[in-house]
Amino acid sequence: MSRIRWIHFSDLHLNLTGTETKRLRENLLEYLDTIVGKIDYAFFTGDIRHAPSGDFPSNAGKEIENICNAIGLPEKRLFIVPGNHDVDRNVAGRDEAIRRICFQRNGYYNPKYGKIKEDDLNAIYEGQAEFRKFLSKIYTDDRVSKYSDPLKPHFNIETDDFNVLHIDSTLTYTC
């Protein structure tokens, strides 16, 4: 069995503009250039943007591409899941849907059955519209479509080496 090398990124907050943030990104690319050997897979696990600062920056796709280029990684070996900052938690109807669902708030959701009403899933998914638009700058349409079905928020991607199960943990993020 061959060895698999992967790298994990989290909390890049690409639309922050402070000096430390810029320095971190510059140093990250420099560091990645020093890695000896091939990186087989990369995982970005949320907070690509800094939500209080607004939308995904126009260069966010290019920033991710630069990171992948620095490690010689093709798009099909890149896996991205949203974080709490990547979701618009203020989109109309989203918070109300979450209140109806969550058992902590006397909602109807029962983990024994795992059922969420279609209208509520649709309302929640509206909060990921900008995230999906960002993904379309990186992924092919086939890959973006996996993130686009509110009735199937979790999905599996098979690779030659393993399967990646995407669990959407942003479903009940609130303000």
Count the net charge of all other residues whose Cβ sits under 13 Å from the Cβ of residue 165, scoring Lys and Arg as +1 and Asp and Glu as -1.
-> 0
Quick one: Cα convex hull volume of the stretch 92-175, Å³ per residue?
-> 114 Å³
Sequence neighbours fewer than 8 away in the same chain don't count; with that in mind, list the aspartates and glutamates whose C-alpha is under 20 Å from residue 115.
-> 95, 96, 126, 149, 168
Keeping all protein chains in place, calculate the accessible area per residue for the chain (probe 1.4 angstrom), answer in Å².
-> 58 Å²
Carbon and sulfur together cover what percent of the accessible area of the chain at a 1.4 Å probe radius?
-> 49 percent
Just how large is the dipole of the stretch 61-129 about the Cα centre, in debye to the nearest 20, putting +1 at every Lys and Arg Cβ and -1 at every Asp and Glu Cβ?
-> 380 debye
Point-charge dipole on Cβ atoms (K/R +1, D/E -1) for the chain, about Cα centre, debye to 20 = 340 debye
Dipole of the chain (Lys/Arg Cβ +1, Asp/Glu Cβ -1, origin at the Cα centre): which of 21, 83, 138 lies farthest to the positive side?
-> 83
Crossing angle, helix 60-70 versus the chain [Cα axis fit, 0-90 degrees, rounded to tens] = 40 degrees
Principal axis lengths of the chain from Cα atoms, whole Å, largest first?
-> 52, 44, 28
Have a look at 57, 37, 173 and report the one farthest towards the positive end of the charge dipole of the chain, computed about the Cα centre with Cβ charges (Lys/Arg +1, Asp/Glu -1).
-> 173
Calculated from DSSP H runs of 4 or more alone, at -39500 (n - 2.57) each and per residue, what is the 222 nm mean residue ellipticity of the chain, nearest 500?
-> -9000 deg cm²/dmol
For the stretch 18-93, with only Lys/Arg (+1) and Asp/Glu (-1) charged at the beta-carbon, what is the dipole magnitude about the Cα centre, in debye rounded to 20?
-> 80 debye
Too long at a 22 Å Cα-Cα cut-off: which of 117/152; 38/137; 112/133?
-> 38/137; 112/133
Okay, which of the stretch 60-84 sit inside 16 Å, backbone N to the point 7 Å along the Cα-Cβ direction of residue 132?
-> 81-83
To the nearest 10 degrees, how steeply does helix 19-34 sit against the main Cα axis of the chain, on a 0 to 90 scale?
-> 60 degrees
So for R0 = 22 Å, FRET eff. of residue 155-residue 11 from the Cβ-Cβ r, to 0.05, ends up at 0.40
According to the Kirkwood expression over distinct Cα-Cα pairs, how big is the hydrodynamic radius of the stretch 134-175, in Å?
-> 11.7 Å
Taking DSSP loops as anything outside H, G, I, E and B, show the longest stretch in the chain free of trypsin sites (Lys or Arg not before Pro) there with at most 14 other beta carbons within 10 Å.
-> 39-111
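The values are calculated or read from the model by the stated rules, or taken from the named source; none is laboratory data. Everything numeric in this text was worked out from a predicted model, so none of it was measured. Cβ coordinates were reconstructed from backbone atoms using ideal geometry, including for glycine residues, and neighbour counts include every protein chain displayed. Quick note on the areas: whole protein, heavy atoms, side chains included, nothing else; ligands and nucleic acids left out. Shrake-Rupley method; radii C 1.70, N 1.55, O 1.52, S 1.80 Å.
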